[in-house]
Amino acid sequence: MSSSSAAAAAAAVRVAMVAVFLMATMAAGGSFLEDFDVTWGDSRAKILENGQLLTLALDRTSGSGFQSKHEYLFGKIDMQIKLVPGNSAGTVTAYYLSSMGATHDEIDFEFLGNLSGEPYTLHTNVYTQGKGDREMQFRLWFDPTKDFHTYSIIWNPKHVMYFTVDGTPIRDFKNLESRGVAFPRSQPMRVYSSLWNADDWATRGGLVKTDWSKAPFVAAYRGFRAEACGGGRPCEASKSKGGWWNQELDLTSQGRMQWVQRNFMIYHYCHDAKRFPQGLLPECSIP
Ligand SMILES: *[C@@H]1O[C@H](CO)[C@@H](O)[C@H](O)[C@H]1NC(C)=O
């Protein structure tokens, strides 16, 4: 080997070592071991593959859950979830952001399981200052149990936007504080998820019971990513043009959201006058 090719080989080894190091530190940034604590269900919640995968299980005795170590105040928060397959009727996989206390804010995704081959319901809600009642429910246009899909929340001072399936917006809760509607903008939130049994309400008021012979029920998570303010990360960069801090739905996204709401929405709190005999919430009459 000539000395110049030996030097080239040594340089290649150095480059490879730096690449391995960078990959390791990048992976650590999105690790469940670093970002989350298991808070419920003991060994039913498992962090696997060196922190890259988390699974929650539900059996007859208990469900399980986890929460983020950090709190976030605004951000773009992504999670890939693969829901309980097969007969999941009675199970609920909740994935949400929430602050603490009686006047807490909360941004919810809840996936209500169903019998084999029947569709899940995606239930969403937004709480501000402890008040919710803003449910919107959807069917999904894909099988959420076959693969991982990304569910995202973009929360900035003007909007809380829900995205699902890899970037399709389904819901946009606008900041209408100037019209007297409270908006979540001062209470930092943690990310929570849990898998639990709710066959008393989730299945058309308890009509279908959880089939415990199919337990344990398992949901899987990976690809957590928080571009957020809080959590020890600087958020100034997000405020640049094109970042999530200034993000709104452009015309294409609005069209996508209309498509979802026209074809897959099964409940909207603004369309349920019977439930609100005192009148619909104020945002319902703001175009
Ligand atoms: C389960 O599927 C049935 C039939 O399509 C549907 O009417 C029902 O709302 C579904 N239940 C849930 C919890 O999504």
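The values are calculated or read from the model by the stated rules, or taken from the named source; none is laboratory data. Note that the coordinates shown come from a computational prediction; the quantities given were computed from them, not determined experimentally. Using ideal geometry, Cβ is built from the backbone for each residue, glycine included, and neighbour counts are taken over all protein chains shown. Remember, those area values only see protein heavy atoms, side chains included, never the ligands or the DNA or RNA. Shrake-Rupley method; radii C 1.70, N 1.55, O 1.52, S 1.80 Å.
Computed quantities for the displayed model
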read-out	value
Extension gain, ARG225 back to ARG185 (0.36 nm per residue minus Cα-Cα distance, nm)	12.3 nm
Spacing of the two label points (7 Å from each Cα toward its C-beta) at ILE286 and SER62, in nm	4.3 nm
Per residue solvent-accessible surface (Å²) - the chain, probe of 1.4 Å	50 Å²
Helix axis angle, 251-264 relative to the chain longest principal axis, alpha carbon, degrees	50 degrees
With every protein chain in place, the stretch 30-272: carbon and sulfur % of accessible area (1.4 Å)	48 percent
Leading residue at positive end of dipole, the chain (Cβ point charges), from HIS70, ALA226, TRP196	ALA226
Sequence-distant lysines (8 or more away, or on other chains) whose Cα lies within less than 29 Å of LYS158	LYS69, LYS76, LYS131, LYS174, LYS239, LYS241
Dipole magnitude of the stretch 30-272 about its Cα centre (Cβ charges: Lys, Arg +1; Asp, Glu -1), debye to nearest 20	320 debye
Cα-derived Rg to Rh of the chain, Kirkwood definition	1.04
Highest average packing first - 78-89, 172-183, 107-118, Cβ atoms within 10 Å	78-89, 107-118, 172-183
Given charges at beta-carbon only (K, R positive; D, E negative), |dipole| of the stretch 66-108 in Debye	200 debye
Cα long-axis angle, helix 3-29 against the chain (0 to 90 degrees, to the nearest 10)	20 degrees
Global geometry of the stretch 208-287, whether rounded, prolate or oblate, following the gyration tensor of its Cα atoms and the 1.5 cut on a/c	oblate
CD proxy at 222 nm, helix term only [per DSSP H run n ≥ 4: -39500 (n - 2.57); per residue of the chain; nearest 500]	-5000 deg cm²/dmol
